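Notes to accompany the following structure.
The values are calculated or read from the model by the stated rules, or taken from the named source; none is laboratory data. Just so you know, these numbers come straight off a predicted model, no measurement behind them. Glycine gets a Cβ as well: all are built from the backbone with ideal geometry, and neighbour counts include every protein chain shown. Note: areas computed on protein heavy atoms with side chains; ligands, DNA, RNA excluded. Shrake-Rupley method; radii C 1.70, N 1.55, O 1.52, S 1.80 Å.
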Amino acid sequence: MPGLSVTIITLDEADHIAAAIDSVAFADEVIVVDAGSRDDTVAIARGKGVRVESRAWTGWVDQKNYAASLAAHDWILSLDADERVTPALASEIRALLASEPPQRGYRLPRVTFHLGRWIRTTDFYPDFQTRLYDRRAARWRGQYVHESVAVDGGAGQLTEELLHYSYRDLRDHLDRINHYSSLAARQMHEAGRRAGPLDLLAHPPAAFLRNYLLRRGFLDGGAGLTLSLVNAYSVFLKFAKLWELQQTPAAQAAPPGRSGRPA
């Protein structure tokens, strides 16, 4: 029966870290890698009896791969501090690891609590994340944004949901869109992507229609309409910032935010 190590990377997560750790009490070990929290994150985590390591921030991908390298077991469950493993998901993981799993990694459907409800429409759901993996055959990859686990031979899929408490409110959501759209534009620009007027005119409305109609945002009432509009705004901002990078040498020379450091 393979052992399971849970890894959590943190920066100023005092409001979340205790509940995240409690939700993975079934694991064989929990490792927290902290990037210099100024709140009580480290003290709370140590108070839970888990292993805590401090490491300067080097980017999402490197930080998560480093956390996995510290684990005593090859099977890793990578958890963000604002996520929770439900008892049903814990049971599904335990059953999977009761023997050697047939695949080297597994995607989990993630559901986000936002605007006073669990969002199961729009681009928010199902937000599949590859979080359970064998580090001998998988590792985190990516650049500024959209880091993900690449699994040799592809990943399987679990059915129980991972809970996500991502945003405090709509203002927090919009602040993050501003931050991550800059990183996404930078990543696209460095990959050779360019934006023109058609991108600015076509992509945002298409994103709204996809979210509100195809992905049934209308079923979530005002919340679904709001998130469909916000997702369209996010797409517009990404392409507008990409266009700006093409037009402004100073923008190209500027550092890409904080390389995705948690806000």
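Inside segment 1-93, counting only strands (runs of 3 or more DSSP E) that do not spill past its ends, which hold 3 or more residues that are more than 22 Å from residue 103 (Cβ to Cβ)? In segment 1-93, 4-10, 29-34, 51-54 are the strands (runs of 3 or more DSSP E) which contain 3 or more residues that are more than 22 Å from residue 103 (Cβ to Cβ). Of the residues 150, 67, the single one that is hydrophobic (A, V, I, L, M, F, W, C), open to solvent by less than 60 Å² (accessible area, probe 1.4 Å) and under 30 Å from residue 211 (Cα atoms) is 150. Pairs meeting the criteria (first residue in segment 189-209 and closer than 10 Å to residue 239 by Cβ, second residue part of a loop (DSSP other than H, G, I, E, B) and among the β-branched types (Val, Ile, Thr), beta carbons under 6 Å, at least 6 apart or on different chains) are lacking. Number of residues in segment 108-147 that are more than 26 Å from residue 67 (Cα to Cα), in contact (Cβ under 8 Å) with a residue 60 or more places away in the chain, part of a strand (DSSP E or B) and open to solvent by 50 Å² or more (accessible area, probe 1.4 Å) equals 1.
Quick grid of which residues meet (1) out of contact with any Lys or Arg (no Cβ under 9 Å at 6 or more places or on another chain); (2) basic (Lys, Arg); (3) at pLDDT 95 or above:
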{"position": "204", "(1), (2), (3)": "yes, no, yes"}
{"position": "212", "(1), (2), (3)": "yes, no, yes"}
{"position": "215", "(1), (2), (3)": "yes, yes, yes"}
{"position": "220", "(1), (2), (3)": "no, no, yes"}
{"position": "227", "(1), (2), (3)": "yes, no, yes"}
{"position": "231", "(1), (2), (3)": "no, no, yes"}
{"position": "234", "(1), (2), (3)": "yes, no, yes"}
{"position": "239", "(1), (2), (3)": "yes, no, yes"}
{"position": "249", "(1), (2), (3)": "yes, no, no"}
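State yes or no: is residue 206 surrounded by 20 or more Cβ atoms within 10 Å (Cβ to Cβ), farther than 15 Å from residue 109 by Cα and more than 13 Å from the chain's Cα centre (by Cα)? No: the conditions fail for residue 206.
Filtered by the rule that a residue be open to solvent by 40 Å² or more (accessible area, probe 1.4 Å), among the aliphatic types (A, V, I, L, M) and not in a helix (DSSP H, G or I), segment 156-171 gives no residues.
So which of 199, 220 is within 18 Å of residue 245 (Cβ to Cβ), open to solvent by less than 30 Å² (accessible area, probe 1.4 Å) and not small (Gly, Ala, Ser)? Can you show your working first?
Numbers: 220 fails: within 18 Å of residue 245 (Cβ to Cβ).
Answer to the selection: 199.
Would you mind stating whether residue 69 is modelled with pLDDT of 95 or more, small (Gly, Ala, Ser) and over 27 Å from residue 11 (Cα atoms)?
Details: modelled with pLDDT of 95 or more: yes; small (Gly, Ala, Ser): yes; over 27 Å from residue 11 (Cα atoms): no.
Here the answer is no, as residue 69 does not meet what is asked.
Take segment 1-55 and flag every residue that is surrounded by 16 or more Cβ atoms within 10 Å (Cβ to Cβ) and touching a Phe, Trp or Tyr at 6+ places or on another chain (Cβ under 6 Å). Answer for segment 1-55, where residues must be surrounded by 16 or more Cβ atoms within 10 Å (Cβ to Cβ) and touching a Phe, Trp or Tyr at 6+ places or on another chain (Cβ under 6 Å): 4, 35. The C-beta contact set for segment 10-35 (first residue closer than 20 Å to residue 73 by Cβ and aromatic (Phe, Trp, Tyr), second residue modelled with pLDDT of 95 or more and open to solvent by 10 Å² or more (accessible area, probe 1.4 Å), distance under 7 angstrom, 6+ apart or interchain) comprises 26/94.
Matching residues to (1) under 24 Å from residue 183 (Cβ atoms); (2) in contact with a Lys or Arg (Cβ under 6 Å, 6 or more places away or on another chain):
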{"site": "92", "(1), (2)": "no, no"}
{"site": "95", "(1), (2)": "no, no"}
{"site": "100", "(1), (2)": "no, no"}
{"site": "137", "(1), (2)": "no, yes"}
{"site": "140", "(1), (2)": "yes, yes"}
{"site": "160", "(1), (2)": "no, no"}
{"site": "163", "(1), (2)": "no, yes"}
